[in-house]
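Take a look at the structure set out below.
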Amino acid sequence: MPAALIGRKIGMTRLNDSTGKNVPVTVIQAGPCHVSQVKTVATDGYDAVQLAFEDVKARNSTMPEIAHDAKAGLTPKREHREFRLKADQLTGVEAGQLFTVEMFEGIRFVDVTGTSKGKGFAGTMKRHNFKGLCASHGTERKHRSQGSIASHATNRGYSGRPKKGKKMSGHLGDERVTARSMEVIGRDKENNLLIVKGAVPGANHGLVVIREATRLYSRKAKLAKAS
Amino acid sequence: MSHPLIQAVEKAHLKTDLPELSIGDTVDVHLRITEGTKERIQVFNGVIINIQGYGVTQTVTVRRIVANEGVERILPLHSPKIAKIEVKRHGHVRRAKLYYLRDRVGKKRRLRDRRRGLDTVVPEPVAAETAAAPVAAKA
């Protein structure tokens, strides 16, 4: 099975590397995760493995979930996430199996998926990096406005209404975000910690999913191959 | 304070031989400067006007006067680029941040050091700091 774990973002700090350079890092509690279900084409129509993370008191869970975990021989778990796999990657994976941060041994870059911090209703300058309008030249009370959104001649013809998907004000954040190709700085098997360089989406204590990086730019791909 | 797990991560990166620093101390900071491939030590002498943060992210702001011009450096205490810190003198201060020194000119900016006397020698650290003492003595 390719390296994948559920975890929690613990927080950020900065560490010094061997050359004395200060590196911003995020500490992630990665796993330990149990396999709660193995899905195959024969039984479910697709191949996947479901991982369960973090113990939860039975009274805080639900009967269907408790029974689902019990079927795999597990105590009640709080979080369950599915990972789609290819059929041949499922060999040797059984329900109840334990995966720890050791899974990421030898992996140089990872993708980290989390839920970004919610920013509420945000204007176009904050949400889409618009530049706003003039500070002067007669601009009044419109300095952070988006400007014109359409006229009768849009590139959808003479529709007389704004184009679909036009970037406007609205809710920002609180959505699934993946930070790609983050460098792994260290692992702590004792505490199940994964230390990655840079920031990870979401607030501290937020749930994240860590996977081996799928797409690497040439520089990082070279480094990954070397390690 | 930070999360215990973060502290566990930082632990290996913390220096154990730092002297106890306080605001108003006059210190010699030995900085590792790399020029090309060569490395040498440069001493930055000044007054601590700010101590900020905790753990591995803790920094001090050291202020000194170079050619009649104030120079401040913000130094991460646990950085390997800081070879050594020596406390030369304790200043008598009543503030946690000595930003008022920035507005002082001439002798006024020295006065505060004299409160306990310019020749106040740094008292050799008590029990808790015995580990740091021999280092200071050597220098």
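The values are calculated or read from the model by the stated rules, or taken from the named source; none is laboratory data. All figures in this text were calculated on a predicted structure; none of them were measured in a lab. Heads up, the Cβs are rebuilt from the backbone with ideal geometry, glycines too, and the neighbour counts pull from every protein chain shown. Surface accessibility is based on the protein's heavy atoms, side chains included, excluding ligands, DNA and RNA. Shrake-Rupley method; radii C 1.70, N 1.55, O 1.52, S 1.80 Å.
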Cβ pairs under 7 Å, 6+ apart or interchain, first in the stretch A:83-102 and in contact (Cβ under 8 Å) with a residue 12 or more places away in the chain, second open to solvent by 60 Å² or more (accessible area, probe 1.4 Å) and outside any loop (DSSP other than H, G, I, E, B), ordered by first then second residue, are A:Ala87/A:Val41; A:Val101/A:Arg187
Does the stretch B:1-17 hold any residues that are more than 14 Å from chain A (Cβ to nearest Cβ) and not hydroxyl-bearing (Ser, Thr, Tyr), and which are they?
B:Asp17
Please determine, by comparing only the residues of the stretch A:166-176 that are open to solvent by 50 Å² or more (accessible area, probe 1.4 Å) and in a strand (DSSP E or B), which one is farthest from the other protein chains (Cβ to nearest Cβ).
A:His171
Flagged pairs (Cβ under 7 angstrom, 6 or more apart or on separate chains; first in the stretch A:25-54, on the phi > 0 side of the Ramachandran plot; second surrounded by fewer than 18 Cβ atoms within 10 Å (Cβ to Cβ) and among the acidic types (Asp, Glu)) are A:Glu54/A:Glu79
What's the number of the condition A:Asp47 fails, among (1) among the acidic types (Asp, Glu); (2) within 14 Å of chain B (Cβ to nearest Cβ); (3) in contact with a helix residue (DSSP H, G or I) (Cβ under 7 Å, 6 or more places away or on another chain)?
(2)
Listed residues A:Lys126, A:Lys117, A:Lys163, A:Lys131; which is modelled with pLDDT under 90 and open to solvent by 60 Å² or more (accessible area, probe 1.4 Å)?
A:Lys163
Could you list, in sequence order, the residues of the stretch B:4-60 that are open to solvent by 80 Å² or more (accessible area, probe 1.4 Å) and in contact with a strand residue (DSSP E or B) (Cβ under 7 Å, 6 or more places away or on another chain)?
B:Arg32, B:Glu39, B:Arg40, B:Ile41, B:Gln52
Taking the stated definitions as given, is B:Ile49 within 13 Å of another protein chain (Cβ to nearest Cβ), assigned to a strand (DSSP E or B) and of a type in the set (Val, Ile, Thr)?
no
Which residue is surrounded by the fewest Cβ atoms within 10 Å (Cβ to Cβ), if the candidates are limited to the stretch B:61-78 and must be part of a strand (DSSP E or B) and within 14 Å of another protein chain (Cβ to nearest Cβ)?
B:Ile74
Hey, A:Ser181 hits all of (1) out of contact with any Asp or Glu (no Cβ under 8 Å at 6 or more places or on another chain); (2) open to solvent by less than 70 Å² (accessible area, probe 1.4 Å); (3) on the phi > 0 side of the Ramachandran plot but one; which does it fall short on?
(1)
Residues of the stretch A:182-219 classified as of a type outside the set (Asp, Glu) and under 24 Å from A:Ser18 (Cβ atoms), total:
19
So which residues in the stretch A:9-28 are closer than 16 Å to B:Ala12 by Cα and at the interface with chain B (Cβ under 7 Å from one of its Cβ atoms)?
A:Thr13, A:Arg14, A:Leu15, A:Asn16, A:Gly20, A:Asn22, A:Val27
Kindly indicate whether B:Glu39 is in a strand (DSSP E or B), more than 30 Å from A:Arg187 (Cα to Cα) and within 11 Å of chain A (Cβ to nearest Cβ).
yes
Just to be sure, is B:Lys81 away from chain A (no Cβ under 14 Å), of a type in the set (D, E, K, R) and farther than 22 Å from B:Gly106 by Cβ?
no
With the structure loaded, tell me whether A:Phe99 is among the aromatic types (Phe, Trp, Tyr), surrounded by 13 or more Cβ atoms within 10 Å (Cβ to Cβ) and in contact with an Asp or Glu (Cβ under 8 Å, 6 or more places away or on another chain) or whether it fails that test.
no
Scan the stretch A:188-206 residue by residue and report those that are within 12 Å of chain B (Cβ to nearest Cβ), surrounded by 19 or more Cβ atoms within 10 Å (Cβ to Cβ) and not polar (S, T, N, Q).
A:Leu193, A:Leu194, A:Ile195, A:Val196
Among (1) at pLDDT below 85; (2) open to solvent by less than 60 Å² (accessible area, probe 1.4 Å), there is one condition A:Glu94 misses while meeting the rest; what is its number?
(2)
